[in-house]
Amino acid sequence: MTDAPAPRSQPARPPAAPPRAPLSDRVRLVRNLLPPLIVLVVGAVELLISLLGNVRHELWAHLLFYGLLGPAVTYFSVEWIAEGTRARERAELELRDLYGQLSASHGRLQGVQELMRDLGSAPDLGAVLEVAARGAVRVTGATHATLTVPGGLSGTARGETLLSAPSAALHPLKVGIPGGGALLLHFETPPSADTAELAQALAVEVATGVEAARQRTLDLMTLYSVDQSIRAERNMRRLLSRVTGTMAGRVGAQARAAYLSDEDGVLRLEYAQDRRGEVSGEGAHGGVTPPLPRRWRRRPGR
């Protein structure tokens, strides 16, 4: 039996610094305690000097006390207050830096939201790529961006800071797009880790927009194919076969059926096909209509 490894000892953390009193409290403390303390000290020193009994010694004692101790007390009191002032200035500087970071994060988040909205309203895949490239430049601050997806399509965008002849010293950042493709960004300075994470998040949103555009394109192609079938085919049975076959292939259905309403408003099965083969509507006119087409048939009459 082997001995279990001993747990690693955690490094000791330095003790937390005691909380500092606010500057206003320090000023109030000096104002309230320093005058009576000075009176007591001066009174005690004067009493001690009067016990010397020598005028010359008393003179030197006064010079030593008031010439050295007084400025020293003043210096340490002012330094104590100044240290509090410096601490407040450091705190204000940290708050300004934090506010700047929050403002930058808010701006980036707003840019991502605008990009998502623009991607959703893009009419086709080409427009999606152009919108995504412009949004990536706007959000990340890149000089220019190139977006490519499988199929040879691409989109590019230039930032306002990009010169007509960009320098070769630009720093590239390339991130992959889920589902295929890549987003290539160029920066004047090396991108930070936060910028790289933001680019990864943008790539995910771009992939969502690209997939949505592809689905919309497939839907339009399906509707166009159905329209062409209706215009070209004169035989009802072959027409229903082609239309239902096209729509089933689009949604990945394994069975399909078409119900038509007769002159009495009754739904009749006209065409059906599943794994077992094809069923014509002629043998099913007396059958019971399934619940789904019945519910769909009632909706127009509501």
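The values are calculated or read from the model by the stated rules, or taken from the named source; none is laboratory data. The shown structure was predicted, so the numbers you read here are calculated from the model rather than taken from an experiment. All Cβ positions, glycine included, derive from the backbone under ideal geometry; neighbour counts span all protein chains shown. Just so you know, the surface numbers come from the protein's heavy atoms only, side chains and all, with ligands and any DNA or RNA stripped out. Shrake-Rupley method; radii C 1.70, N 1.55, O 1.52, S 1.80 Å.
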Next item on the list: Would you please name the residue that is surrounded by the fewest Cβ atoms within 10 Å (Cβ to Cβ), looking only at residues in the stretch 175-187 that are under 14 Å from His144 (Cα atoms) and within 18 Å of the chain's Cα centre (by Cα)?
Entry: Leu183
Next item on the list: Output the qualifying pairs, or none if there are none: Cβ atoms under 6 angstrom, residues six or more apart or on different chains, first residue in the stretch 131-153 and charged (D, E, K, R), second residue at pLDDT 85 or above and in a strand (DSSP E or B).
Entry: Arg134/Ala157
Next item on the list: Could you tell me whether the stretch 106-125 includes any residue that is touching a strand residue (DSSP E or B) at 6+ places or on another chain (Cβ under 9 Å), open to solvent by less than 80 Å² (accessible area, probe 1.4 Å) and within 30 Å of Ala213 (Cα to Cα)?
Entry: yes
Margin query: open to solvent by less than 60 Å² (accessible area, probe 1.4 Å) and under 40 Å from the mean Cα position of the chain (by Cα): which single residue out of Ala257, Ala203, Ala169 fits that description?
Written below: Ala203
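Take Ala136 and decide whether it is aliphatic (A, V, I, L, M), open to solvent by less than 40 Å² (accessible area, probe 1.4 Å), at pLDDT 80 or above and closer than 14 Å to Glu205 by Cα.
For Ala136, the condition - aliphatic (A, V, I, L, M), open to solvent by less than 40 Å² (accessible area, probe 1.4 Å), at pLDDT 80 or above and closer than 14 Å to Glu205 by Cα - is met.
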Check: How many of the residues in the stretch 188-200 are open to solvent by 50 Å² or more (accessible area, probe 1.4 Å) and either assigned to a helix (DSSP H, G or I) or touching a helix residue (DSSP H, G or I) at 6+ places or on another chain (Cβ under 6 Å) (or both)?
Finding: 4
Next item on the list: Quick one: count up the residues across the stretch 229-245 that are modelled with pLDDT under 80 and open to solvent by less than 80 Å² (accessible area, probe 1.4 Å).
Entry: 4
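Does Leu98 qualify as being open to solvent by 80 Å² or more (accessible area, probe 1.4 Å), in a helix (DSSP H, G or I), more than 22 Å from Val204 (Cβ to Cβ) and not basic (Lys, Arg)?
yes
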Next item on the list: Return a yes/no flag: does the stretch 265-278 have any residue that is under 30 Å from Leu170 (Cα atoms), at pLDDT 80 or above and either assigned to a helix (DSSP H, G or I) or not aliphatic (A, V, I, L, M) (or both).
Entry: no
Checklist line | Which numbered condition Thr217 misses (of (1) touching a residue at least 40 places away in the same chain (Cβ under 8 Å); (2) of a type in the set (Ser, Thr, Tyr); (3) in contact with a Pro (Cβ under 8 Å, 6 or more places away or on another chain)) | finding: (3)
Next item on the list: Show the residue pairs that are 6+ apart or on different chains and have beta-carbon atoms under 6 Å apart, the first residue being within the stretch 258-275 and more than 20 Å from Asn235 (Cβ to Cβ), the second being in a strand (DSSP E or B) and not aliphatic (A, V, I, L, M).
Entry: Leu267/Tyr259; Leu267/Ser261
Next item on the list: Find all pairs meeting these conditions: Cβ atoms under 7 angstrom apart; at least six residues apart or on different chains; first residue within the stretch 67-95 and open to solvent by 80 Å² or more (accessible area, probe 1.4 Å); second residue hydroxyl-bearing (Ser, Thr, Tyr) and part of a helix (DSSP H, G or I).
Entry: none
